[in-house]
1. Of the numbered conditions (1) under 24 Å from VAL166 (Cα atoms); (2) crowded, with 20+ Cβ neighbours inside 10 Å, GLU52 fails exactly one; give the number of that condition.
2. In this structure, does GLU93 turn out to be surrounded by 18 or more Cβ atoms within 10 Å (Cβ to Cβ), over 20 Å from ILE233 (Cβ atoms) and either under 16 Å from the mean Cα position of the chain (by Cα) or charged (D, E, K, R) (or both)?
3. Test of understanding: among ASP148, ASP136, ASP141, ASP161, which residue is under 14 Å from ASP63 (Cα atoms), within 17 Å of the chain's Cα centre (by Cα) and at pLDDT 95 or above?
4. Please specify each residue of segment 223-244 satisfying the condition of being surrounded by 21 or more Cβ atoms within 10 Å (Cβ to Cβ), part of a helix (DSSP H, G or I) and not charged (D, E, K, R).
5. Can you tell me which of (1) in contact with a helix residue (DSSP H, G or I) (Cβ under 7 Å, 6 or more places away or on another chain); (2) at pLDDT 95 or above; (3) surrounded by fewer than 16 Cβ atoms within 10 Å (Cβ to Cβ) is the one GLN79 doesn't meet?
6. Could you identify the single residue in VAL168, VAL112, VAL181, VAL189 that is of a type outside the set (Phe, Trp, Tyr), buried (at least 21 other Cβ atoms within 10 Å of the Cβ) and at pLDDT 90 or above?
7. For segment 29-84: of the residues being polar (S, T, N, Q) and over 17 Å from GLU131 (Cα atoms), which is farthest from the chain's Cα centre (by Cα)?
8. Quick one: count up the residues across segment 96-152 that are assigned to a strand (DSSP E or B) and of a type in the set (Gly, Ala, Ser).
Amino acid sequence: MAEKGKYQVQHLQTEEIKKRMFHVKHKIVVMSGKGGVGKSTVAANLAVVLAEMGRRVGLMDADLHGPSIPKILGVQGVQPQVGPTGIYPIIAERGVKVISIDFFLPSSDSPVIWRGPLKMAAIRQFLSDIEWGDLDYLLVDLPPGTGDEPLSVMQLIPGIDGVVIVTVPSDLSQYVVKKAVSMAYRMGVRVIGIVENMSGFVCPNCGARFDLLGSGGGEKISTEMDVPFLGKIPIDPSISGDTDQGTPFTLKHPDSPAAKAFREIVERVVEAVEGKNI
């Protein structure tokens with residue numbers, strides 16, 4: 001009987017997810033094959049740039065073991081409110097709606113020590129219980145790899161527009177990121193394109209360029225796997241500083257080369273999913 005009740009709850013949640021997602025025009029997953037490539041920073045800034053462009057945006061932090069979106073967007077420690085229709089997401093910069101397991105932990109130091117079934121249950125609740133309202137875009141920031149969370153998100157969200165895959169120029173990152181591309185294909189999800197983060201550093205004093213992590217890795221994957229290349233984001237020390245302060249880099253340094261790269265990438269994403277230029 002307990003097993004039957006569990007499946008009834010899951011069926012009800014699945015129906016509720018369909019209802020919630022009906023009000024979201026475009027669903028995009030941001031993932032990477034490995035950690036340390038700045039994926040969450042990319043996801044947060046893409047969300048903010050989309051909102052600046054007039055889109056209604058939600059950002060779901062599906063990295064249950066290492067949630068960082070609240071810190072990046074300056075809403076860490078804020079408590080979500082519960083209403084008659086569900087849990088309301090936290091409103092961050094430019095009206096971006098955010099939900100993360102971080103909001104529900106006793107402290108920022110509390111670890112999430114869960115196996116697969118608990119993680120899938122949490123993602124189900126994020127999708128079924130959160131009052132996202134009407135959105136133009138829902139971005140889902142996944143943890144590195146191709147495990148429980150990516151699998152759950154791709155199985156549970158109906159009508160995903162595609163995935164944006166973040167990499168860095170190094171050979172090791174290329175090797176691992178190919179697995180993320182292959183997973184998307186196996187799940188029947190479109191790859192919108194590859195973003196190469198930390199793509200070279202330009203000295204502010206002499207103007208010389210240094211490829212600290214190699215060069216051309218994202219474009220190489222794009223060619224080999226036959227997927228679009230969305231662009232390169234150069235290394236900028238301000239990105240790390242702004243992240244630590246909880247201020248989106250693209251808002252604080254809008255005229256920097258990296259911020260301009262973010263905006264160009266967003267324009268290509270919008271063109272890919274909406275079928276039009278901005």
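1. All conditions pass for GLU52, except number (2).
2. Taking the combined requirement at face value, the residue does not satisfy it.
3. Just one listed residue meets the conditions, ASP141.
4. ILE239, THR243
5. All conditions are met except number (2).
6. The match here is VAL181.
7. That would be GLN76.
8. Going through segment 96-152 one residue at a time, the tally reaches 1.
The values are calculated or read from the model by the stated rules, or taken from the named source; none is laboratory data. Just so it is clear, the structure is predicted and the values come from calculations on it, not from any experiment. Heads up, the Cβs are rebuilt from the backbone with ideal geometry, glycines too, and the neighbour counts pull from every protein chain shown.
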